[in-house]
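Single-structure report; data block below.
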Amino acid sequence: MEYISHTLSNVVQQSALSSLSAGNILMVCVACILLYLAIAKGYEPLLLIPISFGMLLVNIYPPIMEEGGLLYYFFQLDQWTILPSLIFLGVGALTDFGPLIANPKSFLLGAAAQFGIYGAFILAMMLGFNDMSAAAIAIIGGADGPTSIYLCMKLHQNALMGPIAVAAYSYMALVPIIQPPIMKLCTTEEERKIKMDQLRPISKKERILFPIIVTIVVCSILPSTTPLVGMLMLGNLFRESGVVRQLQETASNALMYIVVILLGTSVGATTSAKAFLNVSTIKIIVLGLCAFAIATAAGVLFGKLMCKLSGGKINPLIGSAGVSAVPMAARVSQKVGAEADSSNFLLMHAMGPNVAGVIGTAVAAGVFMAIFNV
C-alpha cells in the first residue's frame, strides 16, 4: 500500500498540473483561441497552427524550450537566422516578380509602406525602449515574420523575440481584417473603382536578369541583407530560369513546409507565461499594430498621390499591398476593389507593390543593421 501511495505521489509531482501557474493557464487559453481562429476561421492556418501549438507546448511543459528540449534545438536555427533565410528562398520560388518588372513604379509604393517601420521606431523610442529594441520592434510594420526574427537575432534582442515574432505573424494572419477599414478610410468610392490598364508582357530575359541585378545592387549597398535578399532572389531564379524545376519545386513545397513547421513551433515556444506576460509585451503588440496601420495608410496615401499624377490611371488600393505579406496583402487589395466594382481586377497590379514590400522590408532591416554596425 505504501508503495502504491509513493508511486501515485511521484506521478502527481511529475504532472504538469502541479506546476501550472495562472499565467501558464492564461497562455494555454490564448493558444486555444489562436488554434480556433486558424482551424475554424481559416486565418492563415499554415502560420497560426504551428505557432499556437508551440505556445501550448511550452506553457504545459516549459523544459521543452530548455537545453535538451526538442524546441530548444528548433529555436537555435532561428538564432542562427537559418530558418528566416530559407523562408525567403521558398517565397522567391513561389512568387511571380513579373508585375513588379512590368511596372517599376511599384517600387515607390513598396517604399512608401516602409514609413510604418520608421514611424514605429520613433514611437518605440518615445515609449522607453532603447534604440536596438525599438528597431527590432519597428520591423513588425513590414508584416514580415522572417525579417522580424532575423533582425531581432542580429540586434541581440532575444528577450523580445517571443512578443515580436508573435505580433509579426499575427498581424500577417490578420491582414484581411486590419487593412480594409484603413483602405476605405483613406480612399473614396470613385478611387476604389479605378480600373488599371493591363500590364505589359515580360520577356524571359527580363525575368532572369531581374533577380541577378537586384542581388548585385542591394547586396552591394547593404551587405547585411544578403542572407534574406540573396535567398529571395535565388528562389526566384530557380523559378524563372526554367532549367532547375526540381530545385524550384523543392524550395517552394517540401523545404518550405518543413521550415514553416520548425519556425512556427519554435516561435510559439518563445511565448512562455514568464517571458510573455509583462508590460513590454503589451507595448510591443500595440506598437506592432500602429506600425502596420501606418504602413497600410502610407502605401494607400502614396497611391492616391500617384493616382493624381497619373491622371487617374492608378488605383490607390494597390498601395496597401506595399507591406510584405505575400500574397495576402495583394488579395486584400483585390477584394476591396472588387467590393466597389465587381469587374475590377487589381490582383496582378497589387503584386508589384507586394513584392517590392518584401524587398523594402529587408532593406529597412539592413539599414538598421548598418546604423548599429551589426
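Yes/no per residue for (1) farther than 14 Å from Gly116 by Cβ; (2) touching a Cys at 6+ places or on another chain (Cβ under 9 Å); (3) free of Cβ contacts under 8 Å to residues at least 12 places away in the same chain:
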position	(1), (2), (3)
Thr270	yes, no, no
Val300	no, yes, no
Ile314	yes, yes, no
Ser320	no, yes, no
Val332	yes, no, no
Gly337	yes, no, no
Asp341	yes, no, no
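Of the numbered conditions (1) polar (S, T, N, Q); (2) over 17 Å from the mean Cα position of the chain (by Cα); (3) modelled with pLDDT under 90, Thr81 satisfies every one except a single condition; which is it?
Exception for Thr81: condition (2).
If we keep just the residues of the range 245-274 that are surrounded by 14 or more Cβ atoms within 10 Å (Cβ to Cβ) and assigned to a loop (DSSP other than H, G, I, E, B), which is modelled with the highest pLDDT?
Among them, the one singled out is Ala269.
Working carefully through the options Ser342, Ser324, Ser320, find the one that is of a type in the set (S, T, N, Q) and part of a helix (DSSP H, G or I). First the steps, then the outcome.
Details: Ser342 fails: part of a helix (DSSP H, G or I); Ser324 fails: part of a helix (DSSP H, G or I).
Residue meeting the stated conditions: Ser320.
For the range 102-130, which residues satisfy the criterion of being in contact (Cβ under 8 Å) with a residue 60 or more places away in the chain and of a type in the set (S, T, N, Q)?
Listed by number, the residues that qualify are Asn103, Ser106, Gln114.
Output the residue which, of all residues in the range 221-244 that are crowded, with 24+ Cβ neighbours inside 10 Å and among the polar types (S, T, N, Q), is modelled with the highest pLDDT.
Ranking the qualifying residues of the range 221-244, first place goes to Asn236.
Kindly evaluate Leu100 against the criterion of being in contact with a Phe, Trp or Tyr (Cβ under 8 Å, 6 or more places away or on another chain), surrounded by 22 or more Cβ atoms within 10 Å (Cβ to Cβ), farther than 19 Å from Ser272 by Cα and at pLDDT 90 or above.
Working: in contact with a Phe, Trp or Tyr (Cβ under 8 Å, 6 or more places away or on another chain): yes; surrounded by 22 or more Cβ atoms within 10 Å (Cβ to Cβ): yes; farther than 19 Å from Ser272 by Cα: yes; at pLDDT 90 or above: yes.
Yes.
Restricting to the range 76-97, count the residues that are surrounded by fewer than 23 Cβ atoms within 10 Å (Cβ to Cβ) and either of a type outside the set (Asp, Glu) or on the phi > 0 side of the Ramachandran plot (or both). Reasoning before the result, please.
Within the range 76-97, the subset surrounded by fewer than 23 Cβ atoms within 10 Å (Cβ to Cβ) is 76-77, 79-82, 85, 94-96.
Cutting the leftovers down to either of a type outside the set (Asp, Glu) or on the phi > 0 side of the Ramachandran plot (or both) gives us 76-77, 79-82, 85, 94-95.
Qualifying residue count, the range 76-97: 9.
So, Ser220, is that one over 23 Å from Ile101 (Cα atoms), among the polar types (S, T, N, Q) and in a helix (DSSP H, G or I) or not? Outline the logic, then answer.
Values: over 23 Å from Ile101 (Cα atoms): no; among the polar types (S, T, N, Q): yes; in a helix (DSSP H, G or I): yes.
Judged against the criteria, Ser220 is not a match.
Could you tell me whether Glu189 is out of contact with any His (no Cβ under 8 Å at 6 or more places or on another chain), within 18 Å of Ser342 (Cβ to Cβ) and either among the aliphatic types (A, V, I, L, M) or surrounded by fewer than 23 Cβ atoms within 10 Å (Cβ to Cβ) (or both)?
On the way: out of contact with any His (no Cβ under 8 Å at 6 or more places or on another chain): yes; within 18 Å of Ser342 (Cβ to Cβ): yes; either among the aliphatic types (A, V, I, L, M) or surrounded by fewer than 23 Cβ atoms within 10 Å (Cβ to Cβ) (or both): yes.
Answer is yes for this residue.
Of everything in the range 343-374 that's out of contact with any helix residue (DSSP H, G or I) (no Cβ under 8 Å at 6 or more places or on another chain) and either of a type outside the set (Ser, Thr, Tyr) or surrounded by 24 or more Cβ atoms within 10 Å (Cβ to Cβ) (or both), which residue is modelled with the lowest pLDDT?
Of all residues in the range 343-374, those out of contact with any helix residue (DSSP H, G or I) (no Cβ under 8 Å at 6 or more places or on another chain) come to 343, 367, 373.
Restricting the remaining residues to those that are either of a type outside the set (Ser, Thr, Tyr) or surrounded by 24 or more Cβ atoms within 10 Å (Cβ to Cβ) (or both) gives 367, 373.
Values: Val367: 94, Asn373: 88.
Among those that are out of contact with any helix residue (DSSP H, G or I) (no Cβ under 8 Å at 6 or more places or on another chain) and either of a type outside the set (Ser, Thr, Tyr) or surrounded by 24 or more Cβ atoms within 10 Å (Cβ to Cβ) (or both), it is Asn373.
Grab the helices (runs of 4 or more DSSP H) fully contained in the range 118-203, keeping just those with 1 or more residues being at pLDDT 90 or above and not β-branched (Val, Ile, Thr).
Numbers: elements: 131-138, 145-154, 161-173, 175-186, 189-192.
Result: 131-138, 145-154, 175-186, 189-192.
When both residues are 6+ apart or on different chains and their Cβ atoms are under 7 Å apart, which pairs have a first residue that lies in the range 63-85 and is in a helix (DSSP H, G or I), and a second that is among the charged types (D, E, K, R)?
So the pair list comes out as Tyr72/Glu66.
Has the range 278-293 got any residue that is farther than 30 Å from Cys186 by Cα and touching a helix residue (DSSP H, G or I) at 6+ places or on another chain (Cβ under 8 Å)? Outline the logic, then answer.
Start the filter on the range 278-293 by keeping residues that are farther than 30 Å from Cys186 by Cα, which leaves 278-280.
Those still in the list that are touching a helix residue (DSSP H, G or I) at 6+ places or on another chain (Cβ under 8 Å) too: 280.
Yes, the range 278-293 contains a residue that is farther than 30 Å from Cys186 by Cα and touching a helix residue (DSSP H, G or I) at 6+ places or on another chain (Cβ under 8 Å).
Do the conditions hold for Phe53, that is, is it under 23 Å from Ser224 (Cα atoms), in contact (Cβ under 8 Å) with a residue 12 or more places away in the chain and either part of a helix (DSSP H, G or I) or acidic (Asp, Glu) (or both)? Lay out the reasoning, then the answer.
Numbers: under 23 Å from Ser224 (Cα atoms): no; in contact (Cβ under 8 Å) with a residue 12 or more places away in the chain: yes; either part of a helix (DSSP H, G or I) or acidic (Asp, Glu) (or both): yes.
Judged against the criteria, Phe53 is not a match.
Being assigned to a loop (DSSP other than H, G, I, E, B) and either touching a helix residue (DSSP H, G or I) at 6+ places or on another chain (Cβ under 7 Å) or not aliphatic (A, V, I, L, M) (or both) is true for just one of Gly311, Gly299, Gly337, Gly303. Which residue is that? Walk me through it before giving the result.
On the way: Gly299 fails: assigned to a loop (DSSP other than H, G, I, E, B); Gly337 fails: assigned to a loop (DSSP other than H, G, I, E, B); Gly303 fails: assigned to a loop (DSSP other than H, G, I, E, B).
Gly311 is the lone residue from the list that is assigned to a loop (DSSP other than H, G, I, E, B) and either touching a helix residue (DSSP H, G or I) at 6+ places or on another chain (Cβ under 7 Å) or not aliphatic (A, V, I, L, M) (or both).
Out of the range 84-116, which residues are under 14 Å from Val267 (Cβ atoms) and more than 21 Å from the chain's Cα centre (by Cα)?
Within the range 84-116, no residue meets the criteria.
The values are calculated or read from the model by the stated rules, or taken from the named source; none is laboratory data. On a predicted model such as this, the values are computed, not experimentally measured, just so you know. Neighbour counts are summed over all protein chains in view; Cβ atoms, including those assigned to glycine, are modelled from backbone coordinates with ideal geometry.
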